[in-house]
1. Could you tell me whether any residue of the range 93-106 is assigned to a helix (DSSP H, G or I) and either basic (Lys, Arg) or open to solvent by less than 60 Å² (accessible area, probe 1.4 Å) (or both)?
2. Tally time: how many residues in the range 152-173 are basic (Lys, Arg) and touching a residue at least 24 places away in the same chain (Cβ under 8 Å)?
3. How many residues does the range 6-27 hold that are under 8 Å from the mean Cα position of the chain (by Cα) and in a helix (DSSP H, G or I)?
4. Please go through (1) open to solvent by 60 Å² or more (accessible area, probe 1.4 Å); (2) hydrophobic (A, V, I, L, M, F, W, C); (3) within 16 Å of Lys26 (Cβ to Cβ); (4) modelled with pLDDT of 85 or more for Val116 and return the number of the only condition it doesn't satisfy.
5. Considering only the range 60-84, how many residues are within 24 Å of Val116 (Cβ to Cβ) and surrounded by fewer than 16 Cβ atoms within 10 Å (Cβ to Cβ)?
6. In the range 28-48, which residues are assigned to a helix (DSSP H, G or I) and in contact (Cβ under 8 Å) with a residue 24 or more places away in the chain?
Amino acid sequence: MIEDIKKDAATRMGKSVESLRHELAKIRTGRAHPALLDHLVVSYYGSDVPIKQVANITAEDARTLAVTPWEKGMVQAVEKAIIQSDLGLNPNTAGMVIRVPMPPLTEERRRDLIKVARHEAEQLRVAIRNIRRDANHGLKEAVKEKMISEDEEHRGEEMVQKLTDDYIKGVDKVLAEKEQDLMSI
């Protein structure tokens, strides 16, 4: 019973940390990375679809992304989606290829991006604490239904707390890596 609760909590916390990595990948660091455009949606025959489903995105060099739509008619829509995004990018179109140069980040913009990254990390810490609360609630329910003893509940709570601490350290490590990445020129 306790192992099931611990496994469930560990799985959910692991997924949360992965979602943080995914969210932080969207915060640009001045280097061209194809994942930077993953969250963009393009109007494709009346419905909004992710940009990855209508175009091939590659890093041409350290400062340039190359976006190649599958269809010639999609070039304008993809370019419009990139311009309207919150990334502050200005694409250049040459035939079927849209080149997206990455402007260098200013010191002020870097600090703003670090604030965004810290906010994302704090939201994740709260989510991990909520998972801990759910696990502890499950242990209390098991004691009420006489499935485990109170001593086992306390040991379970200690295990869940250790798990929580480990995952929060993981969040801090991911955040520190992103901050280092943002501050490197």
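1. Of the range 93-106, the ones assigned to a helix (DSSP H, G or I) are none.
Looking for residues that are assigned to a helix (DSSP H, G or I) and either basic (Lys, Arg) or open to solvent by less than 60 Å² (accessible area, probe 1.4 Å) (or both), one finds none in the range 93-106, hence no.
2. As a first pass, look at the range 152-173 and keep what is basic (Lys, Arg): 155, 162, 169, 173.
Restricting the remaining residues to those that are touching a residue at least 24 places away in the same chain (Cβ under 8 Å) gives 155.
Of the residues in that region, 1 qualify.
3. Start the filter on the range 6-27 by keeping residues that are under 8 Å from the mean Cα position of the chain (by Cα), which leaves 18-26.
Next, from what is left, pick out any that are in a helix (DSSP H, G or I): 18-25.
Qualifying residue count for the region: 8.
4. (4)
5. Final tally of qualifying residues: 5.
6. Step one: of the range 28-48, the residues assigned to a helix (DSSP H, G or I) are 34-37.
Passing the criteria: Pro34, Leu36, Leu37.
The values are calculated or read from the model by the stated rules, or taken from the named source; none is laboratory data. Bear in mind that the values here come from a model prediction, so they are computed numbers and not experimental data. With ideal geometry, Cβ positions are generated from the backbone for all residues, glycine too; neighbour counts draw on all protein chains shown. Keep in mind that these areas ignore ligands, DNA and RNA; they rest on the heavy atoms of the full protein, side chains included. Shrake-Rupley method; radii C 1.70, N 1.55, O 1.52, S 1.80 Å.
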